[in-house]
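Participant: Sharing a structure here in structure tokens format.
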Amino acid sequence: MPLPYSLDLESLRGRLASGELTPTRLARDVLAATADGDRLHAWIHRLPDERVTARARALEANKDARVLPLYGVPFAVKDNIDVTGIPTTAACPAYSYIAQRSATAVERLLAAGAMLIGKTNLDQFATGLVGTRSPYGACGNAFDARYIAGGSSSGSALAVALNLVSFALGTDTAGSGRVPAGFNNIVGLKPTRGAVSAAGVVPACRSLDCVSVLALTVRDAQRVYEVARGYDSADPFSREVPPDRKTPAARLRCGVPKPSQLEFFGDAEARRLFARGIELVACGGAEIVEIDFASFRETAAMLYDGPWLAERLAAIKAFFAAHAQDMHPVTREIIGRGANYTAADAFEAEYRLRALTRRAAREFARVDVLAVPTAPTIYTLAQVEAEPVTLNSNLGFYTNFVNLLDLAALAVPCGMRGDGLPAGITLIAPAFSEPLLCNVGDAVQRASGIRLGATQFALPPSA
């Protein structure tokens, strides 16, 4: 049975503080809800009930734990992120191993009092934006199972949207923490590269990978990010997070692509919802500024039509050589193309990326944030099965450039389509602009008036 209360952090905090809920009661309620079938294929491995309840009892017994920022909060992690004693599969059974230590991000969340419920489904080796490339089942959308959930952090998005956990960790290299958030009416925060440690995460494209946060509300995503972030010497790509940047003192300038540069692949509803999202930003007092999207679009095309595919191959090179036939055929095809690139190709691409980064920076000099559709359209499971590569590529139109250009991004729900599916916008800004993105995103989510995830619960009042 669905939980009769919302798992958003603001609501949980009140119930735990009043004694209406205890961690043990909450754990039992969540376990009962997760046991109620998995028709959308959200999970790969749920922790044993006794391990979850033991964690809850330990938190209750420790009076000092009650002041922890995530005391008793249930969460999930994508199954390319290590958890001590639990298999990590990256959605490939032949690759599976038992983790000897939890990923740094998971350790920080547990130290903050959170309760892990399980590990979630994904596009194999985090390669995809569709959520269908998994031997553990293609993930269906939380609002209509005929449609995709988006990927690669599909299971994490579903666990949040279905109110089975308060938040979930995903990863995001090309949009994997944003597209499934948009398709399931939740929030997806893709931090700056290196802001959250990737130690203990199976790499997809190591120089670009980010651990992302999927949550019911913008403020929840921000709270989790603030716990998980921080320098980690175990991650060679980790970066120090500078002091929070202040919100611009003058009127916020929000960039949008010129109308001629927008692409919705014939989806009129997606176009309408994007226009509504921009209206919500403008109603908050922002000035809307048209920018030249060409440099962003060219950068996006480089991710899967360039030598960064070789980096994906490098991440699992030995496994690929020995077990290519054990992989999902589409994943095998995409990663296998990485062998076609030379070192000269990589340097040439890097030079072109530097030039495009300069051009993009000139556009950001004119605005504080950039707003784009989270995805240009949505597809059914049947459509993706028929055209798995082309349609996946379409979904990355507004996402693939973000990590290459060292930007931060926040996917926010903004309304419901006429067919009953959700849609959202993504706010993008230079590295370490997460506080600004969350301030703007919170205002957009509150102005939208929509429910949380696939529930009937309303956004709680601002704390």
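The values are calculated or read from the model by the stated rules, or taken from the named source; none is laboratory data. Given the structure is predicted, the values throughout are model-derived calculations rather than measurements. Cβ placement follows ideal geometry from the backbone for every residue including glycine, while neighbour counts extend to all protein chains displayed. Remember, those area values only see protein heavy atoms, side chains included, never the ligands or the DNA or RNA. Shrake-Rupley method; radii C 1.70, N 1.55, O 1.52, S 1.80 Å.
Participant: Output needed: percent of Cα pairs per 20 Å distance bin for the chain, bins running from 0 to the one holding the longest distance.
Facilitator: With a bin width of 20 Å, the distribution comes to 27, 61, 12, 0.
Participant: So which chymotrypsin sites (Phe, Trp or Tyr not before Pro) in segment 214-268 pass both tests, a DSSP loop state and at most 16 other Cβ atoms within 10 Å of the Cβ? It would help to have the intermediate numbers written out before the result.
Facilitator: On the way: sites: Tyr225, Tyr231, Phe237, Phe264, Phe265; in loops: Tyr231, Phe237, Phe264, Phe265.
Answer by residue number: Tyr231, Phe237, Phe265.
Participant: Express the accessible area of the chain per residue in Å², computed with a 1.4 Å probe while the remaining protein chains stay in the model.
Facilitator: Working: 17210 Å² over 463 residues.
Ligands and nucleic acids excluded, the result is 37 Å² per residue.
Participant: Explain nothing, just the number: relative contact order of segment 1-141, from Cα pairs under 8 Å at least 6 residues apart, as a whole percent. Write out the running numbers ahead of the final one.
Facilitator: On the way: 212 pairs, mean separation 36.5, N = 141.
Averaging sequence separation for qualifying contacts and normalising by length gives 26 percent for segment 1-141.
Participant: Please work out how many pairs of lysine residues in the chain are eight or more positions apart (or on different chains) and have Cα atoms closer than 30 angstrom.
Facilitator: Final tally of qualifying lysine pairs is 10.
Participant: Can you say what percent of the DSSP beta bridges in the chain, counting only those with both residues inside, are antiparallel? Round to 5. Could the numbers behind the result be given before it?
Facilitator: Numbers: 34 of 49 bridges.
Approximately 70 percent, going by the DSSP bridge assignments.
Participant: In addition: Find the centroid of the Cα atoms in segment 295-354 and in segment 216-277, then give the distance between the two in whole Å.
Facilitator: 26
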